[in-house]
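K.L.:
Handing you a structure now.
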Amino acid sequence: MTQANKTAPLFERIDRVILPVTDIHKAAQWYADEFEFRIARRREQEIDLQVGVSETKLTLMEVQELTSFLPLPHLDPKGHVPCFNFYTHWEDLHQSWLIERGIPVTSPMNNEHMNICEMSDISGNIVGICHEKAPSIYYTPFSGPLPPMFHRVLAVFIPVIDLEKSIRWYSETLGFALHNHWGQGADLTLGSSEAIVTMIQMDAESHANAVKGLRKRAYYSLQTLHIYQAHEILEAQGVNMDQFKGDEGLRSFHISTPEGLKIRISEKELIPVG
């Protein structure tokens, strides 16, 4: 690892999960009306939403190629694997309420540690919903009188072919730390981030389908305080990346993982938003 990696973490946390939409204003209003997500920041082609008390924002990104627009799909429709999920304190996952509101939702999958399902938003994006039970290491009790519908962003899911090699790359290159390994998958943490990364091992065909469905779009972002230094360090390590982009003063760039997934790298805003 580089000297900079040894003295300070390159990335602080997962700061955004990202959904493509055809109309950011319509989509933002839908999330506000249905789930009481607050608008944290508006930009020309993106709107950041506050998910409950989450430090990780939900970013709606307007897609210009409307004729070829495709929403964010399941990474694995057979295994209840969305690109990311929301944590809910409600054990019933709001199933009846979602159905009454006409929001498409999958049948729940329940086990001793969690209840999970997925819903489709107004743009057709697949978003996971998860309730962690007391035996789970990710269980979060709620201390207030009435918990919000969705508490925070819980996990970003990453499809991988070679699990051990992927764990090493994310750890050595991006600074993630292995938190939980269960054989066919692993949970990793990053800096102070409350949101985790969950790797799901897939066969080559399933992985290829997952990557194809993403259409070379990043669906989450890593935050850094030193974006030029991050670009320099990753470039020196041979990481494939694109050029800087400035969106109303917020600089970012994208990198590609060895297995073909895109990740956005975002500059930390010095003035808190939200």
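The values are calculated or read from the model by the stated rules, or taken from the named source; none is laboratory data. This one's a predicted model, so the numbers in the text were calculated from it and none came from an experiment. Counting neighbours? That spans all protein chains shown, and the Cβs are built from the backbone with ideal geometry, glycine included. Heads up: the accessible areas ignore ligands, DNA and RNA and are worked out on the full protein's heavy atoms, side chains in. Shrake-Rupley method; radii C 1.70, N 1.55, O 1.52, S 1.80 Å.
K.L.:
What size of dipole, in debye to the nearest 20, comes out for the chain about its Cα centre when the only charges are +1 on Lys and Arg C-beta atoms and -1 on Asp and Glu C-beta atoms?
P.N.:
340 debye
K.L.:
Enumerate the amide H contacts of SER123 below 5 Å, restricted to partners 5 or more residues apart or on another chain; note that Pro and chain-start residues carry no placed amide H.
P.N.:
none
K.L.:
Under the classification rounded if a/c is under 1.5, otherwise prolate if a/b is larger than b/c and oblate if not, where does the range 87-187 fall, given a ≥ b ≥ c as square roots of the Cα gyration tensor eigenvalues?
P.N.:
Since a/c reaches 1.5 and a/b is larger than b/c, the shape of the range 87-187 is classed as prolate.
K.L.:
Net charge within 12 Å of ARG215 by Cβ-Cβ distance, Lys/Arg positive one each and Asp/Glu negative one each, not counting ARG215 itself?
P.N.:
Cβ neighbours under 12 Å give a net charge of +3.
K.L.:
Of the beta bridges DSSP finds with both residues in the chain, what % are antiparallel, to the nearest 5?
P.N.:
70 percent
K.L.:
Report ³J(HN,Hα) in whole Hz for each residue of the range 39-54, in order, from the Karplus equation J = 6.51 cos²θ - 1.76 cosθ + 1.60 where θ = phi - 60°; Gly and Pro get x.
P.N.:
6, 8, 7, 10, 10, 4, 10, 9, 10, 8, 10, 8, 9, x, 9, 5
K.L.:
Also, quick follow-up: Mean residue ellipticity at 222 nm from the helices of the chain, using -39,500 (n - 2.57) per DSSP H segment of n ≥ 4 over the full residue count, to the nearest 500 deg cm²/dmol?
P.N.:
My calculation for the chain gives -6000 deg cm²/dmol from helical runs alone.
K.L.:
Moving on to the next point. Using the Cα centre of the chain as origin and beta-carbon charges of +1 (Lys, Arg) and -1 (Asp, Glu), tell me which of THR22, MET119, GLN95 is placed farthest towards the positive end of the dipole.
P.N.:
Of the candidates, THR22 comes out farthest on the positive side.
K.L.:
From the square roots a ≥ b ≥ c of the eigenvalues of the alpha-carbon gyration tensor of the range 126-274, which class results: rounded (a/c under 1.5), prolate (a/b over b/c), or oblate?
P.N.:
Oblate, since a/c reaches 1.5 and b/c is not below a/b.
K.L.:
OK, next. Classify the range 172-240: rounded, prolate or oblate, from the alpha-carbon gyration tensor (a ≥ b ≥ c, eigenvalue square roots; a/c under 1.5 rounded; otherwise prolate if a/b is larger than b/c)?
P.N.:
oblate
K.L.:
Using alpha-carbon pairs under 8 Å, 6+ residues apart, how would you state the relative contact order of the range 181-250 in percent?
P.N.:
Averaging sequence separation for qualifying contacts and normalising by length gives 15 percent for the range 181-250.
K.L.:
Give me the number: length gained by fully extending SER171 to HIS226, i.e. 0.36 nm times residue separation minus the C-alpha to C-alpha distance, one decimal in nm.
P.N.:
Working it through step by step, the gained length comes to 17.9 nm.
K.L.:
What does the extension gain come out to for SER120 and SER192, with contour length at 0.36 nm per residue minus their alpha carbon separation?
P.N.:
Stretched out fully, the SER120 to SER192 stretch lengthens by 23.0 nm.
K.L.:
What ³J(HN,Hα) values, in whole Hz, does the Karplus curve 6.51 cos²θ - 1.76 cosθ + 1.60 give for the range 171-180 when θ = phi - 60°, with x put for Gly and Pro?
P.N.:
Values, residue by residue: 6, 6, 8, 10, x, 5, 10, 5, 10, 7 Hz.
K.L.:
Quick one: Karplus J couplings for the range 72-88, per residue in order, coefficients 6.51, -1.76, 1.60, θ = phi - 60°, nearest Hz, x for Gly and Pro?
P.N.:
Ordered by residue, 3J(HN,Hα) equals 6, x, 4, 6, 8, x, 7, x, 6, 10, x, 6, 7, 9, 9, 8, 10 Hz.
K.L.:
Something else: Defining a contact as two alpha carbons under 8 Å apart and six or more residues distant in sequence, what relative contact order in percent does the chain show?
P.N.:
It comes to 21 percent, rounded to a whole number.
K.L.:
On to the next question. For LEU225, enumerate residues with amide H under 5 Å from its amide H, sequence gap 5+ or separate chain, H modeled in the peptide plane.
P.N.:
GLU12, LYS268
K.L.:
Return the long-range amide H neighbours of LEU75 (sequence gap of 5 or more, or a different chain), with a cut-off of under 5 Å between placed amide H atoms.
P.N.:
Amide H neighbours of LEU75, under 5 Å, 5+ apart: VAL81, CYS83.
K.L.:
Please find the FRET efficiency linking ARG251 to GLU164, where r is the Cβ-Cβ separation and R0 is fixed at 51 Å, and quote it to the nearest 0.05.
P.N.:
0.90
K.L.:
Moving to a separate point now. By how many nm would the segment from ASP23 to TRP97 lengthen if fully extended, with 0.36 nm per residue of separation less the alpha-carbon distance?
P.N.:
So the extension gain works out to 24.1 nm.
K.L.:
So, one more: Return one whole number: the accessible area per residue of the chain in Å², for a 1.4 Å probe.
P.N.:
With all protein chains present, the chain gives 47 Å² per residue.
K.L.:
Considering only protein heavy atoms and a probe of 1.4 Å, how much of the accessible area of the range 22-73 is carbon and sulfur, as a whole percent?
P.N.:
47 percent
K.L.:
Please report how far the C-alpha centroid of the range 218-235 lies from that of the range 139-202, rounded to the nearest whole angstrom.
P.N.:
That distance is 19 Å.
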